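Visitor: Structure below; questions to follow.
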Amino acid sequence: MSALKSQQNALIYQTSLTPAPTWGPAMDLRRQYLIDAETLSPRDAATRFAQSVLQPGVAVIVDTETVSMGGAICEIAVIDARTGRPLLDTLVNPQCPMTPAAQAVHGITESEVNAEHVPTWEKVHERFAEVTHGRVILAYNADYDRQVVADDCLRYGVDSAGSTSHAHWWADVMVPRSDFMGTKRWLRNGGGHRALGDVEQTRGHLLTMAAGSSS
C-alpha cells in the first residue's frame, strides 16, 4: 500500500462523517488516484493526477508562509496550475509577532508585514476566495496550508464553509510526488520558502510528473 492510499482512505472516511455543503472535485481526484494506484502503479497514478490537474480551469496552486509553525499567515501566493499565471501574491499582516525561527526560514520581517499598506487576512481572504472559487486547490503538503487558512478564517470570523478551507476542495502534491519518485519519504519542495517561489516550484513538479519523466 502506498503512503497516499492509507492517508486518503482515512481522509475519505473522516470527511464522510461530516457532510460538506458541496462535493468538491478534490474528492473525485483522490478516489481516482486510489484506483489508478491499485490498477496501474503509484507512479502512473501520480502522472495521471498531474495531467488531470494541469488541464485548463481545473486547479490553482497555493502556498502560505506563516509567523510560526502552524501560526498566522504572513504571505500567500496562488497561481493558475495550467498556465502558471499569478492570481494572488501578497504579504499578510498577521497582527501577531513573528517568531525568529520562522523568519530564519522565509526571511520575512515583522516590519515588512506590519507596514500600513499590507492587508490583514480578512481582506486578503476576499481575493483568495475569488481566485480559488470552483477550482481544486493544490498545495505541497496541503493539510498544512488548508489548516492555516482555516485557522486564520476562524480568528477573523471569516466564513470559510465553502472551498477555501474544506478538505473536499484541497489536494496534495507532496505525496503524489513521492509516489512518482518511488520513495516513501516526504521530499522537500525546494522552492526557497517564499510563497510565489514555492508555488512555481510545485507546478514544476507537476509538469515533471505529467510528462512521466523524473529527470
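Visitor: Is at least one residue of segment 51-66 surrounded by 15 or more Cβ atoms within 10 Å (Cβ to Cβ), at pLDDT below 95 and on the phi < 0 side of the Ramachandran plot?
Guide: Checked segment 51-66: no residue is surrounded by 15 or more Cβ atoms within 10 Å (Cβ to Cβ), at pLDDT below 95 and on the phi < 0 side of the Ramachandran plot.
Visitor: Tally up the residues in segment 169-202 that are surrounded by fewer than 22 Cβ atoms within 10 Å (Cβ to Cβ) and closer than 19 Å to R135 by Cα, please.
Guide: Of the residues in segment 169-202, 3 are surrounded by fewer than 22 Cβ atoms within 10 Å (Cβ to Cβ) and closer than 19 Å to R135 by Cα.
Visitor: For residues in segment 130-161 being among the charged types (D, E, K, R) and touching a residue at least 60 places away in the same chain (Cβ under 8 Å), which is nearest to Y33 (Cα to Cα)?
Guide: Out of the qualifying residues, it is R135.
Visitor: Let me ask something else about it. If you take the residues in segment 75-122 that are among the β-branched types (V, I, T) and not in a loop (DSSP other than H, G, I, E, B), which one is farthest from D172 (Cα to Cα)?
Guide: Residue satisfying both the conditions and the ranking: V113.
Visitor: So, of the residues in segment 79-103 that are among the small types (G, A, S) and within 21 Å of V199 (Cβ to Cβ), which turns out to be modelled with the lowest pLDDT?
Guide: A102
Visitor: When segment 162-215 is examined, which residues are found to be part of a loop (DSSP other than H, G, I, E, B), touching a residue at least 60 places away in the same chain (Cβ under 8 Å) and within 19 Å of T90 (Cα to Cα)?
Guide: G191, H193, R194
Visitor: Next question, about the same structure. In segment 186-215, what residues are in contact with a Leu (Cβ under 8 Å, 6 or more places away or on another chain) and among the aliphatic types (A, V, I, L, M)?
Guide: L206, L207, A210, listed by residue number.
Visitor: While we're on this one: Quick one: which of T47, T64 is among the hydroxyl-bearing types (S, T, Y) and within 17 Å of the chain's Cα centre (by Cα)?
Guide: On inspection, the qualifying residue turns out to be T64.
Visitor: Follow-up. Counting just the residues of segment 183-206 that are of a type in the set (A, V, I, L, M, F, W, C) and more than 13 Å from D80 (Cα to Cα), which one comes out modelled with the highest pLDDT?
Guide: A195
Visitor: Tell me, which residue of segment 92-117 that is aliphatic (A, V, I, L, M) and surrounded by fewer than 19 Cβ atoms within 10 Å (Cβ to Cβ) is farthest from the chain's Cα centre (by Cα)?
Guide: The qualifying residue farthest from the chain's Cα centre (by Cα) is A115.
Visitor: Quickly run through segment 107-165 and pick out the residues that are touching a Phe, Trp or Tyr at 6+ places or on another chain (Cβ under 6 Å) and aliphatic (A, V, I, L, M).
Guide: Of everything in segment 107-165, those that are touching a Phe, Trp or Tyr at 6+ places or on another chain (Cβ under 6 Å) and aliphatic (A, V, I, L, M) turn out to be I137, A142.
Visitor: Let me ask another. Exactly one condition in (1) touching a Lys or Arg at 6+ places or on another chain (Cβ under 8 Å); (2) farther than 14 Å from V136 by Cβ; (3) among the aliphatic types (A, V, I, L, M) is false for A167; which is it?
Guide: (2)
Visitor: Here's a follow-up. Sort out which residues of segment 72-91 are in contact (Cβ under 8 Å) with a residue 60 or more places away in the chain and either farther than 21 Å from R146 by Cα or buried (at least 16 other Cβ atoms within 10 Å of the Cβ) (or both), and write them in order of number.
Guide: Residues satisfying the conditions are A72, I73, E75, I76, A77, V78, I79, A81.
Visitor: Another question, if that's okay. Go through segment 105-127 and give me each residue that's small (G, A, S) and closer than 16 Å to A72 by Cα.
Guide: Once the filter is applied, which keeps residues that are small (G, A, S) and closer than 16 Å to A72 by Cα, segment 105-127 yields G107, S111.
The values are calculated or read from the model by the stated rules, or taken from the named source; none is laboratory data. All of these numbers come straight from a predicted model, not from anything done at the bench. As a convention, Cβ positions derive from the backbone with ideal geometry for all residues, glycine included, and neighbour counts pool all protein chains shown.
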